[in-house]
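Student: This is the structure I have questions about; it appears just below.
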Amino acid sequence: MTEREKMIAGEIYNPDDEELTRVRLKAHHLCTEYNKLFEDTDEIRRKEILKELLPNVKGDIFLPGPIYFDYGFNFIAGKNFFANFNFTVLDCAPVIIGDNVMIGSSVSLLTPVHDMNYVKRNTFFEAAKKIKIGDNCWLASNVTVIGGVTIGSGSVIGAGSVVTRDIPENVFAAGVPCKKIRDIVC
């Protein structure tokens, strides 16, 4: 397997691999260019960048920026996706987002995981775990979602939460670590 295939499969991989470095740097350059452009005067170029950076977005997407993606190709979003200022996605593993999802400012979706054993961690090899966010979710400002988590459809994550475990459908969850507070009746 290539290092890219290992990364996507959730196996231990070398992030300094030549191909991964090239793709990651291209994504970082596209993010930097996007972040320097203005919504009102550079709308066409911003749309071009998003198409190149995020080829797996299925519908409308609105990102006022700044945005930060590690690779872009592992970010999959449905229709009517919105993420506010300072959206960070370390998409070493797939980040799969459903339809009609809203994300507040300064939210981070972080798929990389590192070994707890410092001897292994100091090799600088890593693994990554997928993140899945269902349809009709809202993640409020300053939420951090850790790799390996699924957030069920219709759920709301409270501001400042750190999501380290799966969250069921149609609940309000919040806290550090994030946990279910109550059901949401639709």
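Student: Of the numbered conditions (1) open to solvent by 60 Å² or more (accessible area, probe 1.4 Å); (2) assigned to a loop (DSSP other than H, G, I, E, B), GLY154 satisfies every one except a single condition; which is it?
Tutor: Unmet for GLY154, out of (1) open to solvent by 60 Å² or more (accessible area, probe 1.4 Å); (2) assigned to a loop (DSSP other than H, G, I, E, B): (1).
Student: Please name all residue pairs, on different chains or six or more residues apart, with Cβ atoms under 7 Å, provided the first residue is in segment 101-123 and is over 20 Å from GLY160 (Cα atoms) and the second residue is in a helix (DSSP H, G or I).
Tutor: Matching pairs, first to second residue: HIS114/ARG121; ASP115/ARG121.
Student: Could I ask something else about it? Restricting to segment 93-118, give me the number of residues that are among the hydroxyl-bearing types (Ser, Thr, Tyr), in a loop (DSSP other than H, G, I, E, B) and either closer than 14 Å to VAL145 by Cβ or open to solvent by less than 30 Å² (accessible area, probe 1.4 Å) (or both). Walk me through it before giving the result.
Tutor: Keep residues of segment 93-118 that are among the hydroxyl-bearing types (Ser, Thr, Tyr), which gives 105-106, 108, 111, 118.
Imposing the further condition that a residue be in a loop (DSSP other than H, G, I, E, B) reduces the set to 105-106, 111.
Subset that is either closer than 14 Å to VAL145 by Cβ or open to solvent by less than 30 Å² (accessible area, probe 1.4 Å) (or both): 106, 111.
Qualifying residue count, segment 93-118: 2.
Student: Could you please give the count of residues in segment 72-92 that are part of a loop (DSSP other than H, G, I, E, B) and surrounded by 22 or more Cβ atoms within 10 Å (Cβ to Cβ)?
Tutor: Looking only at that region, the number is 4.
Student: Out of everything in segment 37-69 that is in contact with a Leu (Cβ under 8 Å, 6 or more places away or on another chain) and in a helix (DSSP H, G or I), what residue ends up being farthest from ASP99 (Cα to Cα)?
Tutor: It comes out as ARG45.
Student: Here is a check on your reading of the model: is ALA127 crowded, with 16+ Cβ neighbours inside 10 Å and either under 30 Å from GLU5 (Cβ atoms) or within 17 Å of the chain's Cα centre (by Cα) (or both)?
Tutor: Answer is yes for this residue.
Student: Can you tell me how many residues within segment 105-156 are acidic (Asp, Glu) and over 19 Å from LEU90 (Cβ atoms)? Talk me through it step by step, then tell me what you get.
Tutor: To start, the set of residues in segment 105-156 that are acidic (Asp, Glu) comprises 115, 126, 135.
Filter once more, keeping what is over 19 Å from LEU90 (Cβ atoms): 135.
The qualifying residues number 1.
Student: Now for a separate question. Could you look through segment 130-149, keep only residues that are of a type outside the set (A, V, I, L, M, F, W, C) and farther than 20 Å from LYS58 by Cα, and pick out the one that is most open to solvent (accessible area, probe 1.4 Å)?
Tutor: Quick first cut of segment 130-149, residues of a type outside the set (A, V, I, L, M, F, W, C) only: 130, 132, 134-136, 141-142, 144, 147-148.
Still in the running and farther than 20 Å from LYS58 by Cα: 141-142, 144, 147-148.
Details: SER141: 39, ASN142: 88, THR144: 36, GLY147: 12, GLY148: 44 Å².
Among them, the one singled out is ASN142.
Student: Might you let me know whether segment 18-36 holds any residue that is more than 20 Å from THR150 (Cβ to Cβ) and part of a loop (DSSP other than H, G, I, E, B)? Steps first, please.
Tutor: Step one: filter segment 18-36 for residues more than 20 Å from THR150 (Cβ to Cβ), giving 18-36.
Those left that are additionally part of a loop (DSSP other than H, G, I, E, B): none.
No, the conditions are met nowhere in segment 18-36.
Student: In segment 6-17, which residues are outside any helix (DSSP H, G or I) and touching a residue at least 40 places away in the same chain (Cβ under 8 Å)?
Tutor: Listed by number, the residues that qualify are GLY10, GLU11, ILE12, TYR13, ASN14, PRO15, ASP16.
Student: Further question on the same structure: Going by the structure shown, is ILE61 in contact with a Gly (Cβ under 7 Å, 6 or more places away or on another chain), of a type outside the set (Gly, Ala, Ser) and open to solvent by less than 70 Å² (accessible area, probe 1.4 Å)?
Tutor: Numbers: in contact with a Gly (Cβ under 7 Å, 6 or more places away or on another chain): no; of a type outside the set (Gly, Ala, Ser): yes; open to solvent by less than 70 Å² (accessible area, probe 1.4 Å): yes.
The answer is no for ILE61.
The values are calculated or read from the model by the stated rules, or taken from the named source; none is laboratory data. Bear in mind the structure is a predicted one, so any value in this text is a computation, not a measurement. Using ideal geometry, Cβ is built from the backbone for each residue, glycine included, and neighbour counts are taken over all protein chains shown. When the accessible area is computed, the model is the full protein with side chains, heavy atoms only, and any ligands, DNA or RNA have been set aside. Shrake-Rupley method; radii C 1.70, N 1.55, O 1.52, S 1.80 Å.
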